[in-house]
1. So, counting K/R as plus one and D/E as minus one, what does the shell of residues with Cβ under 14 Å around Tyr97 add up to?
2. When Lys and Arg each count +1 and Asp and Glu each count -1, what net charge do the other residues less than 11 Å away from Asp110, Cβ to Cβ, add up to?
3. Select from Val95, Val144, Val48 the residue whose mean-square fluctuation is largest in a Gaussian network model of the chain (Cα-Cα springs shorter than 10 Å).
4. What number, in percent, do you get for the relative contact order of the chain if the mean sequence gap of Cα pairs under 8 Å and at least 6 apart is divided by its residue count?
5. Find out how many positive minus negative residues lie around Ser65, taking Lys and Arg as positive, Asp and Glu as negative, among other residues whose Cβ is under 12 Å from that of Ser65.
6. Can you check how the C-alpha radius of gyration of segment 4-150 compares to 2.2 N^0.38 Å, as a plain ratio?
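Every read-out reported here was derived from the displayed coordinates using simple, explicitly stated rules and does not represent laboratory data. Just so you know, these numbers come straight off a predicted model, no measurement behind them. Every residue, glycine among them, receives a Cβ derived from its backbone with ideal geometry; neighbour counts consider all protein chains shown.
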Amino acid sequence: MVTKDEFRTAMADFATGVTIITTNDDQGQPHAMTANSFTSVCLEPPVVLVCVAHSTNTHQILADSGWFGVNILRQGQEEVGAYFARRPEDRTGGVDYSFSQGEDGLPILDDSMVYMGCQIIGSHIYGDHTIYLGEVKEIRKADVGTPLLFYKSRWYNPSGE
């Protein structure tokens, strides 16, 4: 049987992009978490998925809100990615970020490379995560940027710059 540590080490060999998943909590306040378990599902209709651990605060907030935003980070946003990877009560330090608002009221992380506003159209519980499927209702793209990557459990820039 494959252990949790063996699986984690193997998955570290897969380079991924880095996203900040945003939504609004029950008070209407922005809530965000870092995620790299994100991918497209289909083109017609445009659907993406994100996997969220049950141990996070985000899990229930997404289930309750029915909406999420995907903010694809660019090189130079490592601090923001690390900040939102922590639990809300552990987020300390002077990380500079701001949110604007999407068409459906979702928080958009300013300066992200790409933003997609998604309505949850399905979910599937498996193990310690829920897979949320979201139909993309809005897209905003910045004109410039190189994506922030995560590889071998750290930030990665293939150009070495």
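1. Details: positive: Arg74, Arg86, Arg91; negative: Glu78, Glu79, Asp96, Asp110, Asp111.
That sum, taken over residues with Cβ under 14 Å, equals -2.
2. Working: positive: Arg140; negative: Asp96, Asp111.
Value of the local net charge: -1.
3. Result: Val144 has the largest fluctuation of those listed.
4. Numbers: 323 pairs, mean separation 44.6, N = 161.
The normalised contact order for the chain reaches 28 percent.
5. Numbers: positive: none; negative: Asp25, Asp26, Asp64, Asp104.
Around Ser65, the charge tally is -4.
6. Working: Rg = 14.6 Å, N = 147, 2.2 N^0.38 = 14.7 Å.
Rg over 2.2 N^0.38 Å, computed on Cα atoms: 0.99.
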